[in-house]
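Asker: My questions all concern the structure below.
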Amino acid sequence: MGKGSGYGKVILFGEHFVVHGIPGIVSAIDSSTDAIVTKAAKGLNIKDERKTSKGYGEEKRLQQIESIERMLKAMKLDPKTPLDIWIGGSLPGFSGLGASAASSVAIARAINEELNLGLGNDQINAIAYEGEKAYAGNPSGIDNTAATYGGLMWFKKNPAGGQDLVERVRIKRPVEVVIGSTGKTANTKAMVEGVADRRKANPAKYDPLFKQAESLAFAGRKALEVGDLKKVGDLMNENHRILQEIGVSSKELDQLVEIARKQGAFGAKLTGGGGGGCMVALTGGNEVSGKVVGAFKGAGFGYLMTKIGVVTY
Ligand code: PMV
């Protein structure tokens, strides 16, 4: 029996833009997906016991099988290797929290252990990136990197396909956030392709927005490092606005963002692929987190109280 885990994540700055080589800031959260893998007599037998939003399992089922086959191939194994795979853990299967990458990392680690492959973190990360392609089409790699290594980081994809730039971002203390879930499963691949298509069709509108996203990431890093939460929140609000402009927000995401700001969050924005999925509110403490959670519950939304910048290494 082999076991493995992968962290969930929230993107604080730069989702979608990171796919195109703009830097982003991501934090692992203290919830993970766990996997147990055992050799089987035949077939790929998946028992997925994660808590998910409605329809998540069905929507992702085929992508999940493709993802595992891709990872087996990347490990130089037969993609039809018979395996029993159990998936569970504390990370809910909400779109936007990197659940697919967390599960890919967990499964890759569990296969590594069960089959004694002797793979290290860098190889697990590269294999999980292959698995992510089944869910995201052309992923930036930010999700699997956060799921593998944990912590808070600055991520810049190398568009030429070489080594990505990954740097630790140091903050004074872990900071409280609340994640709000629309309850709607989103198709990350379709969202990513939509942005790429619209950018191509309308560079005059999109190019300046990409420039703004880049400036926000740099300013966000600086504000996080000096611990200026008010500034971080303002920049997150600004990031949400440009995500609205590139067409990846939704009515429910905007509603959650509004609620969180009204309850005293420093700032709030959608996180991950958008079009449903989740948003993140920077609360900076349990009191505001409690108020935000109460208002989310009252409005019928799902939530997760967690922290960014927890040192896991
Ligand atoms: O929705 P998620 O958790 O899969 O996050 C997707 C993040 C994107 O920036 C939209 C895509 C990517 O590969 O970076």
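The values are calculated or read from the model by the stated rules, or taken from the named source; none is laboratory data. These figures come from a predicted structure and were not determined experimentally. So basically every Cβ, Gly included, is an ideal-geometry build from the backbone, and we count neighbours across all protein chains shown. Just so you know, the surface numbers come from the protein's heavy atoms only, side chains and all, with ligands and any DNA or RNA stripped out. Shrake-Rupley method; radii C 1.70, N 1.55, O 1.52, S 1.80 Å.
Asker: If I go through region 50-68 residue by residue, how many of them are touching a residue at least 60 places away in the same chain (Cβ under 8 Å) and among the acidic types (Asp, Glu)?
Answerer: So the answer is 2.
Asker: When you scan region 204-217, do you find a residue that is among the hydroxyl-bearing types (Ser, Thr, Tyr) and surrounded by fewer than 17 Cβ atoms within 10 Å (Cβ to Cβ), even just one? Even if it seems obvious, please write down each step before you answer.
Answerer: Within region 204-217, the first condition is being among the hydroxyl-bearing types (Ser, Thr, Tyr), and the residues that meet it are 206, 215.
Next cut, surrounded by fewer than 17 Cβ atoms within 10 Å (Cβ to Cβ) only: 215.
Yes.
Asker: Just to confirm my filter: which strands (runs of 3 or more DSSP E) fall fully inside region 262-312 and include at least 3 residues that are open to solvent by 10 Å² or more (accessible area, probe 1.4 Å) and within 22 Å of GLY150 (Cβ to Cβ)? Show your work before the answer.
Answerer: Values: elements: 267-271, 278-282, 302-308.
Answer list for region 262-312: 302-308.
Asker: Take the residues of region 144-164 that are in contact with a Phe, Trp or Tyr (Cβ under 7 Å, 6 or more places away or on another chain) and within 14 Å of the ligand (Cβ to nearest atom): which is nearest to GLN63 (Cα to Cα)? Give the steps one after another, and end with the answer.
Answerer: Within region 144-164, the first condition is being in contact with a Phe, Trp or Tyr (Cβ under 7 Å, 6 or more places away or on another chain), and the residues that meet it are 144-147, 149-151, 164.
Then drop every residue that is not within 14 Å of the ligand (Cβ to nearest atom), which leaves 144-147, 164.
Numbers: ASN144: 16, THR145: 20, ALA146: 20, ALA147: 18, ASP164: 25 Å.
Residue satisfying both the conditions and the ranking: ASN144.
Asker: Additional query: Filter region 70-120 for residues that are over 30 Å from SER181 (Cα atoms) and assigned to a helix (DSSP H, G or I); which is most open to solvent (accessible area, probe 1.4 Å)? Explain how you work it out, then say what you get.
Answerer: From region 70-120, those over 30 Å from SER181 (Cα atoms) are 72-84, 111-120; that's our starting set.
Still in the running and assigned to a helix (DSSP H, G or I): 72-74, 111-114.
Working: LEU72: 1, LYS73: 139, ALA74: 39, ILE111: 0, ASN112: 25, GLU113: 97, GLU114: 29 Å².
Out of the qualifying residues, it is LYS73.
Asker: Let me ask you something else. Might you check whether a residue that is over 21 Å from VAL293 (Cβ atoms), within 14 Å of the ligand (Cβ to nearest atom) and open to solvent by 70 Å² or more (accessible area, probe 1.4 Å) occurs anywhere in region 178-189? Walk me through it before giving the result.
Answerer: Narrowing region 178-189 to residues over 21 Å from VAL293 (Cβ atoms): 185-189.
So of that shortlist, the ones also within 14 Å of the ligand (Cβ to nearest atom) come out as 185-189.
Narrowing the set further to residues that are open to solvent by 70 Å² or more (accessible area, probe 1.4 Å) leaves 189.
So far as region 178-189 goes, yes, one or more of its residues are over 21 Å from VAL293 (Cβ atoms), within 14 Å of the ligand (Cβ to nearest atom) and open to solvent by 70 Å² or more (accessible area, probe 1.4 Å).
Asker: Return the pairs, sorted by first residue and then second, in which the second residue is open to solvent by 50 Å² or more (accessible area, probe 1.4 Å) and away from the ligand (no atom under 16 Å from the Cβ), the first residue lies in region 156-177 and is in contact (Cβ under 8 Å) with a residue 40 or more places away in the chain, the beta carbons are less than 7 Å apart, and the residues are 6+ apart or on different chains.
Answerer: Going by the 7 Å Cβ cut-off, the qualifying pairs are VAL169/GLU225; ARG170/GLU225; ILE171/GLU225; PRO174/LYS307; VAL175/LYS307; GLU176/ASN286; GLU176/LYS307; VAL177/LYS307.
Asker: Yes or no: PHE296 away from the ligand (no atom under 16 Å from the Cβ) and under 18 Å from ILE11 (Cβ atoms)? Steps first, please.
Answerer: On the way: away from the ligand (no atom under 16 Å from the Cβ): yes; under 18 Å from ILE11 (Cβ atoms): no.
It is false that PHE296 is away from the ligand (no atom under 16 Å from the Cβ) and under 18 Å from ILE11 (Cβ atoms).
Asker: Could you list all residues from region 218-238 that are touching a residue at least 40 places away in the same chain (Cβ under 8 Å) and either closer than 15 Å to VAL280 by Cβ or open to solvent by 50 Å² or more (accessible area, probe 1.4 Å) (or both)?
Answerer: PHE218, GLY220, LEU224, GLU225, LEU229, VAL232, GLY233, LEU235, MET236
Asker: Considering only strands (runs of 3 or more DSSP E) fully contained in region 1-50, which possess at least 2 residues that are within 11 Å of the ligand (Cβ to nearest atom)? Give the derivation first.
Answerer: Working: elements: 2-13, 24-39, 44-48.
The strands (runs of 3 or more DSSP E) meeting that bar are 2-13, 24-39.
Asker: Suppose the filter is away from the ligand (no atom under 15 Å from the Cβ) and outside the structural domain of LEU304 (by TED's automatic domain parsing); does GLY141 pass it?
Answerer: Working: away from the ligand (no atom under 15 Å from the Cβ): no; outside the structural domain of LEU304 (by TED's automatic domain parsing): yes.
Considered against the rule, which asks whether it is away from the ligand (no atom under 15 Å from the Cβ) and outside the structural domain of LEU304 (by TED's automatic domain parsing), GLY141 comes out as no.
Asker: Give me the helices (runs of 4 or more DSSP H) completely within region 177-252, filtered to those with at least 1 residues that are at pLDDT below 95, ordered by residue number. Working first, answer last.
Answerer: Details: elements: 188-201, 203-226, 229-245.
Those helices (runs of 4 or more DSSP H) span 188-201.
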